[in-house]
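To keep things clear, I will list the structure first and then write my remarks on it.
The values are calculated or read from the model by the stated rules, or taken from the named source; none is laboratory data. A quick note: this is a predicted structure, and the numbers were derived from the prediction, not measured. Every residue, glycine as well, gets a Cβ built from its backbone with ideal geometry; the counts of neighbours run over all protein chains shown. All accessible areas refer to the heavy atoms of the entire protein, side chains included, with ligands and DNA or RNA removed. Shrake-Rupley method; radii C 1.70, N 1.55, O 1.52, S 1.80 Å.
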Amino acid sequence: SREKLCNRRRMKARDSLIMSKKIITISRQYGSGGRLIAQRLSEKLGVPFYDRALIEMAAKESGYEAELFENLGEQHNSNWFYNLSLFGNSTAMQDLPLNDKIFLAQASVIRKVADQGSCVIVGRCADYVLRDRKDCVNVFIHSDLTSRIKRATEQYGLSPAKAGDEINKIDKQRATYYRYYSEKKWGRAENYDLSVYSDSIGLEACTDLILSFVDMKLSHHD
């Protein structure tokens, strides 16, 4: 019937829209240029870029101070996967450590922006939070330590004497944070769709490479 035909067309259009969605998560070593690559991806695709904006959104929705989200990952003393099993139990949720409440609030915002449409998300364990989505591509950016120190001093304003220590400190925090919430090792290739060495071809070419990979992966699932 005509009504069935119209319904099929609407469903086909909906499915096409879903598969055209592009969600890219960028995990990166400090100073590797990962955030700059993420910004360029956002610009070339014409889609929202989420980094600190996620903190502001999560803070607004949860009522927690933004500073708590910024410091998330520095201290973890509880059994996260036991706590996660209590999710949905409002009484048990009240007893969760603050860090875990903050993470859940942040994860909720990550899922929400992914549901809304194409976007590029930096860090925040977004690859793990969105691990079940077929329209998501997870990328890890790494780089040589010398290049990272150079970028940290020239672009982030760190002194050459302190850059190396700061890089090691931040990378350690990111690795601890990722391991705690995902039980996986941060930076290991098998945890991502694509791992890119940004020194090999430069940031602009890395951006184009990622875009090509995203198109190939998503069309493969079409």
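Descriptive notes on the structure:
- Flag if N7 is of a type outside the set (D, E) and either open to solvent by 50 Å² or more (accessible area, probe 1.4 Å) or modelled with pLDDT of 95 or more (or both): yes
- Positions within region 170-208 being assigned to a helix (DSSP H, G or I), in contact (Cβ under 8 Å) with a residue 60 or more places away in the chain and within 14 Å of R124 (Cα to Cα), in sequence order: I170, D171, Q173, R174, T176, Y177, Y178, Y180, Y181
- Total residues in region 181-216, condition at positive phi and either under 16 Å from the mean Cα position of the chain (by Cα) or open to solvent by 50 Å² or more (accessible area, probe 1.4 Å) (or both): 2
- Single match in E61, E56 (criterion: part of a helix (DSSP H, G or I), modelled with pLDDT under 75 and not hydroxyl-bearing (S, T, Y)): E61
- Of the criteria (1) within 17 Å of P48 (Cα to Cα); (2) at pLDDT below 95; (3) not basic (K, R), which one I121 fails: (2)
- Just one residue in the set I149, I141 is touching a residue at least 24 places away in the same chain (Cβ under 8 Å) and in contact with a Pro (Cβ under 9 Å, 6 or more places away or on another chain); that residue is I149.
- Of all residues in region 17-29, those satisfying the criterion of being open to solvent by less than 40 Å² (accessible area, probe 1.4 Å) and either hydroxyl-bearing (S, T, Y) or out of contact with any Phe, Trp or Tyr (no Cβ under 9 Å at 6 or more places or on another chain) (or both) are K21, I23, I24, T25, S27.
- Matching residues, region 109-135, being in a helix (DSSP H, G or I), open to solvent by less than 10 Å² (accessible area, probe 1.4 Å) and farther than 14 Å from D193 by Cβ: V109, I110, V113, A114
- Sub-8 Å Cβ pairs linking a first residue in region 39-50 that is closer than 13 Å to C206 by Cα to a second residue that is in a helix (DSSP H, G or I), at least 6 apart or interchain, are R40/L203; R40/E204; R40/T207; L41/T207; L41/I210; L41/L211; K44/T207; K44/L211, ordered by first then second residue.
- Search result, residues across region 41-53 that are crowded, with 20+ Cβ neighbours inside 10 Å and in a helix (DSSP H, G or I): L41, S42
- Taken over region 126-158, the criterion of being under 23 Å from A53 (Cα atoms) and touching an Asp or Glu at 6+ places or on another chain (Cβ under 7 Å) is satisfied by V137, N138, V139, A152.
- When Y178 is tested against (1) more than 15 Å from G34 (Cβ to Cβ); (2) modelled with pLDDT under 95; (3) under 20 Å from the mean Cα position of the chain (by Cα), only condition (1) is not met.
- Members of region 136-169 that are surrounded by 15 or more Cβ atoms within 10 Å (Cβ to Cβ), charged (D, E, K, R) and part of a helix (DSSP H, G or I): R148, K150, R151, E166
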